[in-house]
Amino acid sequence: MSFDAATLVNAATGGLHAYDPGHDLPVLRQRFGAAIAELGSNENPLGPSPRALAAAQAALAEAHRYPDPRGEALKAALSRCLNVGRDRIALGNGSHELLMLLAQCFADAAHEVVCSQYGFAVFRLAAAASGARAVTVPALPVDHPTAPLGHDLDAIAAAAGNDTRLIYLANPNNPTGSWFDDAALAAFLDRVPSHVLVVVDEAYHEYTDAPGLGSALRFARQHPNLVVTRTFSKAYGLAGLRVGYAVAHPSVIAVLERLRESFNVNCVALAAATAALDDRGHLARVREFNRSERAWLAAELTCRGCRTLPSQANFLLLDLARDAAALERHLFERGVIVRPMGGYGLARALRISIGSRTENLRLLEALP
Ligand SMILES: Cc1ncc(COP(=O)(O)O)c(C=O)c1O
(Lines give C-alpha, C1' and ligand atoms only; values in the text may rest on other atoms or scores of the structure.)
Protein backbone atom coordinates (compact mmCIF):
# COMPACT_ATOMS: atom_id res chain seq x y z
CA MET A 1 0.00 0.00 0.00
CA SER A 2 1.45 3.35 -0.94
CA PHE A 3 1.44 5.97 1.75
CA ASP A 4 1.97 9.70 1.30
CA ALA A 5 1.28 11.94 4.28
CA ALA A 6 1.10 14.93 1.92
CA THR A 7 -2.45 13.76 1.05
CA LEU A 8 -3.39 14.04 4.74
CA VAL A 9 -1.96 17.45 5.49
CA ASN A 10 -4.25 20.19 6.81
CA ALA A 11 -5.21 23.13 4.59
CA ALA A 12 -2.82 25.67 6.10
CA THR A 13 0.24 23.37 6.08
CA GLY A 14 -0.65 22.13 2.58
CA GLY A 15 0.31 25.53 1.18
CA LEU A 16 3.75 25.61 2.84
CA HIS A 17 7.22 24.54 1.74
CA ALA A 18 10.13 23.41 3.90
CA TYR A 19 12.76 26.08 4.66
CA ASP A 20 15.42 26.25 1.97
CA PRO A 21 18.74 27.28 3.53
CA GLY A 22 20.11 28.09 0.07
CA HIS A 23 23.51 26.46 0.60
CA ASP A 24 24.81 23.56 2.64
CA LEU A 25 27.08 25.61 4.92
CA PRO A 26 28.78 22.69 6.71
CA VAL A 27 29.84 21.32 3.30
CA LEU A 28 30.97 24.78 2.16
CA ARG A 29 33.02 25.29 5.33
CA GLN A 30 34.83 22.05 4.53
CA ARG A 31 35.34 23.06 0.92
CA PHE A 32 36.69 26.56 1.54
CA GLY A 33 38.09 26.20 5.07
CA ALA A 34 39.20 29.47 6.63
CA ALA A 35 38.94 31.20 3.25
CA ILE A 36 35.13 31.29 3.35
CA ALA A 37 33.28 34.61 3.78
CA GLU A 38 29.85 33.92 5.27
CA LEU A 39 27.88 37.01 4.33
CA GLY A 40 24.48 35.42 3.76
CA SER A 41 22.74 35.31 7.15
CA ASN A 42 23.21 38.71 8.82
CA GLU A 43 25.23 37.30 11.70
CA ASN A 44 27.55 39.27 13.94
CA PRO A 45 31.21 38.91 12.89
CA LEU A 46 32.42 40.04 16.33
CA GLY A 47 30.50 37.23 18.05
CA PRO A 48 28.92 37.41 21.50
CA SER A 49 30.17 39.07 24.65
CA PRO A 50 32.87 36.99 26.43
CA ARG A 51 30.60 37.22 29.49
CA ALA A 52 27.80 35.52 27.55
CA LEU A 53 30.16 32.73 26.50
CA ALA A 54 31.34 32.22 30.09
CA ALA A 55 27.74 32.10 31.32
CA ALA A 56 26.85 29.60 28.57
CA GLN A 57 29.79 27.41 29.57
CA ALA A 58 28.76 27.50 33.23
CA ALA A 59 25.13 26.67 32.38
CA LEU A 60 26.22 23.44 30.66
CA ALA A 61 26.75 21.96 34.14
CA GLU A 62 22.94 21.99 34.45
CA ALA A 63 22.31 20.39 31.07
CA HIS A 64 20.66 17.37 32.69
CA ARG A 65 17.97 19.64 34.20
CA TYR A 66 15.07 21.19 32.34
CA PRO A 67 15.49 24.94 31.92
CA ASP A 68 13.41 27.45 33.87
CA PRO A 69 10.12 27.26 31.90
CA ARG A 70 9.40 30.92 32.66
CA GLY A 71 12.91 32.23 32.02
CA GLU A 72 12.56 34.48 35.07
CA ALA A 73 16.20 35.62 35.29
CA LEU A 74 16.26 36.73 31.66
CA LYS A 75 12.87 38.40 31.99
CA ALA A 76 14.06 40.26 35.08
CA ALA A 77 17.14 41.49 33.20
CA LEU A 78 15.02 42.54 30.21
CA SER A 79 12.52 44.20 32.50
CA ARG A 80 15.29 46.34 34.04
CA CYS A 81 16.88 47.07 30.70
CA LEU A 82 13.67 48.05 28.90
CA ASN A 83 11.78 49.43 31.87
CA VAL A 84 8.72 47.23 31.28
CA GLY A 85 6.98 44.80 33.63
CA ARG A 86 7.87 41.11 33.42
CA ASP A 87 4.25 40.36 32.62
CA ARG A 88 4.80 42.24 29.34
CA ILE A 89 7.57 39.91 28.13
CA ALA A 90 7.43 36.55 26.33
CA LEU A 91 10.57 34.59 25.45
CA GLY A 92 10.98 32.67 22.23
CA ASN A 93 13.28 30.15 20.61
CA GLY A 94 14.47 33.01 18.45
CA SER A 95 12.07 35.78 17.53
CA HIS A 96 11.01 33.63 14.56
CA GLU A 97 9.11 31.40 16.96
CA LEU A 98 7.28 34.39 18.44
CA LEU A 99 6.37 35.80 15.02
CA MET A 100 4.83 32.42 14.14
CA LEU A 101 3.13 32.08 17.51
CA LEU A 102 1.45 35.47 17.18
CA ALA A 103 -0.35 34.45 13.99
CA GLN A 104 -1.15 31.00 15.35
CA CYS A 105 -2.73 32.49 18.46
CA PHE A 106 -4.58 35.42 16.94
CA ALA A 107 -5.45 34.64 13.31
CA ASP A 108 -7.27 31.89 11.45
CA ALA A 109 -9.00 31.29 8.13
CA ALA A 110 -11.53 34.04 8.87
CA HIS A 111 -8.82 36.68 9.14
CA GLU A 112 -6.40 38.74 7.10
CA VAL A 113 -2.79 39.39 7.97
CA VAL A 114 -1.25 42.47 6.37
CA CYS A 115 2.42 42.89 5.51
CA SER A 116 4.54 44.84 3.05
CA GLN A 117 5.97 43.67 -0.24
CA TYR A 118 9.65 42.87 0.53
CA GLY A 119 8.73 42.59 4.23
CA PHE A 120 10.60 39.86 6.15
CA ALA A 121 9.59 36.49 4.67
CA VAL A 122 8.54 34.95 8.00
CA PHE A 123 5.55 37.32 8.13
CA ARG A 124 3.91 35.64 5.13
CA LEU A 125 4.88 32.23 6.44
CA ALA A 126 3.23 32.98 9.79
CA ALA A 127 0.06 34.14 8.04
CA ALA A 128 -0.08 31.04 5.84
CA ALA A 129 0.59 28.63 8.71
CA SER A 130 -2.31 30.12 10.66
CA GLY A 131 -4.64 29.68 7.67
CA ALA A 132 -5.21 33.43 7.40
CA ARG A 133 -5.17 35.34 4.11
CA ALA A 134 -1.95 37.28 3.64
CA VAL A 135 -2.50 40.76 2.19
CA THR A 136 0.67 42.18 0.67
CA VAL A 137 0.81 45.95 0.31
CA PRO A 138 3.11 47.28 -2.47
CA ALA A 139 6.40 48.69 -1.18
CA LEU A 140 7.55 52.27 -1.67
CA PRO A 141 9.31 52.81 -5.03
CA VAL A 142 13.03 52.11 -5.38
CA ASP A 143 13.69 55.83 -6.02
CA HIS A 144 11.90 56.91 -2.81
CA PRO A 145 14.08 59.62 -1.18
CA THR A 146 14.25 58.13 2.34
CA ALA A 147 12.97 54.54 2.23
CA PRO A 148 13.59 52.85 -1.14
CA LEU A 149 11.52 49.63 -1.27
CA GLY A 150 10.42 50.38 2.30
CA HIS A 151 7.07 49.96 4.01
CA ASP A 152 4.29 52.26 2.74
CA LEU A 153 2.70 52.92 6.14
CA ASP A 154 -0.22 54.95 4.73
CA ALA A 155 -1.20 52.15 2.35
CA ILE A 156 -0.71 49.52 5.06
CA ALA A 157 -2.99 51.41 7.48
CA ALA A 158 -5.58 51.77 4.69
CA ALA A 159 -5.43 48.01 4.05
CA ALA A 160 -6.48 47.18 7.62
CA GLY A 161 -10.16 46.24 7.53
CA ASN A 162 -12.70 44.51 9.73
CA ASP A 163 -11.17 41.08 9.11
CA THR A 164 -7.59 42.16 9.68
CA ARG A 165 -6.15 40.65 12.83
CA LEU A 166 -2.43 41.33 12.47
CA ILE A 167 -0.08 43.73 10.71
CA TYR A 168 3.61 42.81 10.55
CA LEU A 169 6.22 45.54 10.07
CA ALA A 170 9.99 45.20 10.37
CA ASN A 171 11.99 48.23 11.44
CA PRO A 172 14.60 48.18 10.01
CA ASN A 173 13.35 45.70 7.43
CA ASN A 174 15.15 42.64 6.17
CA PRO A 175 16.06 42.41 3.25
CA THR A 176 15.74 46.06 2.24
CA GLY A 177 17.51 47.67 5.23
CA SER A 178 14.82 50.40 5.08
CA TRP A 179 13.29 52.01 8.15
CA PHE A 180 10.60 54.43 9.30
CA ASP A 181 10.96 56.98 12.08
CA ASP A 182 9.01 57.38 15.32
CA ALA A 183 6.83 60.18 13.96
CA ALA A 184 5.68 58.00 11.05
CA LEU A 185 4.99 55.11 13.41
CA ALA A 186 3.02 57.34 15.80
CA ALA A 187 0.79 58.56 12.96
CA PHE A 188 0.37 54.97 11.74
CA LEU A 189 -0.59 53.61 15.16
CA ASP A 190 -3.20 56.36 15.53
CA ARG A 191 -4.85 55.14 12.32
CA VAL A 192 -4.94 51.40 13.05
CA PRO A 193 -8.03 50.16 14.91
CA SER A 194 -7.50 48.35 18.21
CA HIS A 195 -8.82 44.98 16.93
CA VAL A 196 -5.64 44.78 14.84
CA LEU A 197 -2.40 43.72 16.51
CA VAL A 198 0.52 45.72 15.12
CA VAL A 199 3.71 43.65 15.32
CA VAL A 200 6.89 45.70 14.96
CA ASP A 201 9.84 43.38 14.42
CA GLU A 202 12.95 45.13 15.75
CA ALA A 203 15.47 42.34 15.11
CA TYR A 204 18.05 44.94 14.00
CA HIS A 205 17.09 47.70 16.44
CA GLU A 206 20.41 47.73 18.31
CA TYR A 207 22.22 48.73 15.10
CA THR A 208 20.09 51.79 14.39
CA ASP A 209 21.17 55.41 14.81
CA ALA A 210 19.19 57.34 12.17
CA PRO A 211 17.73 60.66 13.37
CA GLY A 212 14.17 60.24 14.66
CA LEU A 213 14.39 56.45 14.72
CA GLY A 214 13.92 55.10 18.24
CA SER A 215 11.96 52.03 19.28
CA ALA A 216 8.26 51.25 18.98
CA LEU A 217 8.45 50.41 22.69
CA ARG A 218 7.86 54.06 23.56
CA PHE A 219 4.30 53.70 22.17
CA ALA A 220 3.41 50.53 24.07
CA ARG A 221 1.44 52.20 26.90
CA GLN A 222 -0.66 54.31 24.51
CA HIS A 223 -1.33 51.43 22.10
CA PRO A 224 -2.09 48.14 23.86
CA ASN A 225 -2.47 46.47 20.44
CA LEU A 226 1.27 47.00 19.76
CA VAL A 227 3.69 44.04 19.93
CA VAL A 228 7.45 44.54 19.64
CA THR A 229 9.72 41.59 18.90
CA ARG A 230 13.50 41.55 19.28
CA THR A 231 16.28 39.00 19.13
CA PHE A 232 19.66 38.06 20.60
CA SER A 233 20.69 36.67 17.19
CA LYS A 234 22.01 39.87 15.65
CA ALA A 235 23.82 42.57 17.66
CA TYR A 236 24.19 40.23 20.67
CA GLY A 237 25.82 37.60 18.44
CA LEU A 238 23.88 34.61 19.78
CA ALA A 239 22.13 33.35 16.61
CA GLY A 240 23.15 29.75 17.30
CA LEU A 241 21.55 29.68 20.74
CA ARG A 242 18.09 30.87 19.59
CA VAL A 243 16.66 33.50 21.93
CA GLY A 244 14.19 36.24 21.12
CA TYR A 245 11.54 38.14 23.01
CA ALA A 246 8.26 39.94 22.55
CA VAL A 247 7.07 42.93 24.54
CA ALA A 248 3.31 43.49 24.57
CA HIS A 249 0.28 44.15 26.71
CA PRO A 250 -0.01 41.53 29.51
CA SER A 251 -3.16 40.10 27.91
CA VAL A 252 -1.29 39.48 24.63
CA ILE A 253 1.54 37.80 26.52
CA ALA A 254 -0.95 35.65 28.45
CA VAL A 255 -2.43 34.37 25.18
CA LEU A 256 1.02 33.56 23.75
CA GLU A 257 1.84 31.66 26.93
CA ARG A 258 -1.08 29.27 26.26
CA LEU A 259 0.63 27.88 23.16
CA ARG A 260 4.32 28.49 23.92
CA GLU A 261 6.20 25.22 24.37
CA SER A 262 7.05 25.07 28.10
CA PHE A 263 10.82 24.72 27.70
CA ASN A 264 11.26 26.59 24.43
CA VAL A 265 14.43 28.43 25.48
CA ASN A 266 17.18 26.15 26.73
CA CYS A 267 19.29 26.75 29.85
CA VAL A 268 22.47 27.67 27.95
CA ALA A 269 20.62 30.23 25.86
CA LEU A 270 18.88 31.74 28.90
CA ALA A 271 22.17 32.16 30.76
CA ALA A 272 24.04 33.56 27.75
CA ALA A 273 21.31 36.08 26.88
CA THR A 274 21.06 37.29 30.48
CA ALA A 275 24.82 37.85 30.66
CA ALA A 276 24.90 39.46 27.20
CA LEU A 277 22.42 42.13 28.29
CA ASP A 278 24.78 43.11 31.06
CA ASP A 279 27.75 43.80 28.78
CA ARG A 280 26.93 47.25 27.43
CA GLY A 281 30.57 47.77 26.39
CA HIS A 282 30.49 44.83 24.00
CA LEU A 283 27.21 46.00 22.48
CA ALA A 284 28.66 49.48 21.98
CA ARG A 285 31.70 48.00 20.17
CA VAL A 286 29.42 45.90 17.95
CA ARG A 287 27.32 48.95 17.07
CA GLU A 288 30.31 51.11 16.29
CA PHE A 289 32.02 48.42 14.21
CA ASN A 290 28.84 47.84 12.20
CA ARG A 291 28.25 51.56 11.66
CA SER A 292 31.72 52.31 10.37
CA GLU A 293 32.18 49.05 8.44
CA ARG A 294 28.78 49.39 6.74
CA ALA A 295 29.64 52.93 5.60
CA TRP A 296 33.08 51.80 4.38
CA LEU A 297 31.72 48.75 2.53
CA ALA A 298 28.91 50.76 0.90
CA ALA A 299 31.47 53.32 -0.31
CA GLU A 300 33.80 50.61 -1.65
CA LEU A 301 30.92 48.92 -3.48
CA THR A 302 29.77 52.24 -4.93
CA CYS A 303 33.31 52.89 -6.22
CA ARG A 304 33.04 49.59 -8.08
CA GLY A 305 29.77 50.64 -9.69
CA CYS A 306 27.46 48.68 -7.36
CA ARG A 307 24.50 50.61 -5.98
CA THR A 308 23.56 49.88 -2.38
CA LEU A 309 20.33 50.93 -0.69
CA PRO A 310 20.52 52.95 2.57
CA SER A 311 20.57 50.54 5.53
CA GLN A 312 20.14 50.83 9.28
CA ALA A 313 20.88 47.13 9.77
CA ASN A 314 23.94 44.86 9.57
CA PHE A 315 23.58 44.20 5.85
CA LEU A 316 23.37 46.01 2.53
CA LEU A 317 21.01 45.36 -0.35
CA LEU A 318 22.90 45.56 -3.61
CA ASP A 319 20.77 46.75 -6.54
CA LEU A 320 22.51 45.51 -9.69
CA ALA A 321 19.99 46.67 -12.32
CA ARG A 322 20.52 43.27 -14.01
CA ASP A 323 19.92 39.67 -13.00
CA ALA A 324 22.09 38.91 -9.96
CA ALA A 325 22.32 35.13 -10.38
CA ALA A 326 25.61 35.19 -12.31
CA LEU A 327 27.30 37.42 -9.73
CA GLU A 328 26.02 35.31 -6.86
CA ARG A 329 27.45 32.19 -8.55
CA HIS A 330 30.75 33.96 -9.29
CA LEU A 331 31.13 34.93 -5.61
CA PHE A 332 30.02 31.50 -4.44
CA GLU A 333 32.74 29.80 -6.49
CA ARG A 334 35.26 31.96 -4.63
CA GLY A 335 33.90 31.10 -1.19
CA VAL A 336 31.95 34.34 -0.73
CA ILE A 337 28.42 33.44 0.34
CA VAL A 338 25.79 36.14 -0.12
CA ARG A 339 21.99 35.91 -0.24
CA PRO A 340 20.14 35.90 -3.57
CA MET A 341 16.82 37.74 -3.46
CA GLY A 342 14.79 35.94 -6.13
CA GLY A 343 12.47 34.56 -3.45
CA TYR A 344 11.50 38.14 -2.60
CA GLY A 345 10.88 39.03 -6.25
CA LEU A 346 14.16 41.00 -6.29
CA ALA A 347 16.10 38.95 -8.84
CA ARG A 348 18.36 41.94 -9.59
CA ALA A 349 19.47 42.29 -5.96
CA LEU A 350 21.82 40.55 -3.55
CA ARG A 351 21.82 40.93 0.21
CA ILE A 352 25.28 41.15 1.74
CA SER A 353 25.88 41.00 5.49
CA ILE A 354 28.52 43.24 7.06
CA GLY A 355 31.25 40.75 7.87
CA SER A 356 34.64 41.12 9.49
CA ARG A 357 37.09 43.37 7.62
CA THR A 358 38.79 40.21 6.30
CA GLU A 359 35.50 38.85 4.96
CA ASN A 360 34.50 42.18 3.45
CA LEU A 361 37.87 42.48 1.68
CA ARG A 362 37.41 38.95 0.39
CA LEU A 363 34.07 40.03 -1.07
CA LEU A 364 35.59 43.09 -2.75
CA GLU A 365 38.52 41.11 -4.12
CA ALA A 366 36.17 38.43 -5.50
CA LEU A 367 34.05 40.94 -7.45
CA PRO A 368 34.55 40.57 -11.22
C1 LIG B 1 13.66 41.01 10.39
C2 LIG B 1 13.96 39.72 11.10
N3 LIG B 1 13.15 39.32 12.07
C4 LIG B 1 13.35 38.18 12.75
C5 LIG B 1 14.40 37.35 12.43
C6 LIG B 1 14.51 36.05 13.15
O7 LIG B 1 15.57 36.05 14.01
P8 LIG B 1 15.73 34.97 15.17
O9 LIG B 1 14.68 33.93 14.98
O10 LIG B 1 17.10 34.46 15.01
O11 LIG B 1 15.51 35.73 16.43
C12 LIG B 1 15.30 37.72 11.42
C13 LIG B 1 16.41 36.84 11.07
O14 LIG B 1 17.15 37.02 10.16
C15 LIG B 1 15.07 38.93 10.74
O16 LIG B 1 15.86 39.33 9.74
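Okay, helix-only estimate at 222 nm for the chain: each DSSP H run of n ≥ 4 adds -39500 (n - 2.57), divide by all residues, round to 500 deg cm²/dmol; what do you get? Don't jump to the answer; show the numbers that get you there.
On the way: 13 runs with 137 residues, N = 368.
Calculated from helices alone, the mean residue ellipticity at 222 nm is -11000 deg cm²/dmol.
Near the amide H of SER116, under 5 Å away, which other amide H atoms are found, from residues 5 or more places off or on another chain, if H is placed in the peptide plane?
Counting only residues 5 or more places away or on other chains, the set is VAL137.
State, to one decimal in nm, how far the label point of SER251 lies from the label point of LEU53, with both points 7 Å from Cα in the Cβ direction.
Here the modelled spin labels are 4.6 nm apart.
Based on alpha-carbon centroids, what's the gap between the stretch 250-320 and the stretch 160-189 in Å, whole number please?
Between the Cα centre of the stretch 250-320 and that of the stretch 160-189, the gap is 18 Å.
Can you list residues from other chains, or at least 5 along the same chain, whose modelled amide H is less than 5 Å from the amide H of ALA170?
Close amide H contacts, sequence-distant or interchain: PHE120, ASP201.
In nm, give the distance between the simple-model label positions of ALA61 and ALA325, each being 7 Å from the Cα along the Cα-to-Cβ direction.
5.5
How big is D for the chain, in µm² s⁻¹ as a whole number, if Stokes-Einstein is applied with the Kirkwood radius of its Cα pairs at 10 °C and 1.306 mPa s?
On the way: Rh = 21.4 Å.
Result for D is 74 µm²/s.
Keeping all protein chains in place, calculate the accessible area per residue for the chain (probe 1.4 angstrom), answer in Å².
Working: 16520 Å² over 368 residues.
Here the residues of the chain average 45 Å² of exposed surface.
Collect residues whose amide H, placed 1.01 Å from N in the peptide plane, falls under 5 Å from the amide H of LEU238; neighbours closer than 5 in sequence don't count.
Amide H neighbours of LEU238, under 5 Å, 5+ apart: SER233.
The values are calculated or read from the model by the stated rules, or taken from the named source; none is laboratory data. Everything numeric in this text was worked out from a predicted model, so none of it was measured. Note that each Cβ is placed from the backbone with ideal geometry, even for glycine, and that neighbours are counted across all protein chains shown. Heads up: the accessible areas ignore ligands, DNA and RNA and are worked out on the full protein's heavy atoms, side chains in. Shrake-Rupley method; radii C 1.70, N 1.55, O 1.52, S 1.80 Å.
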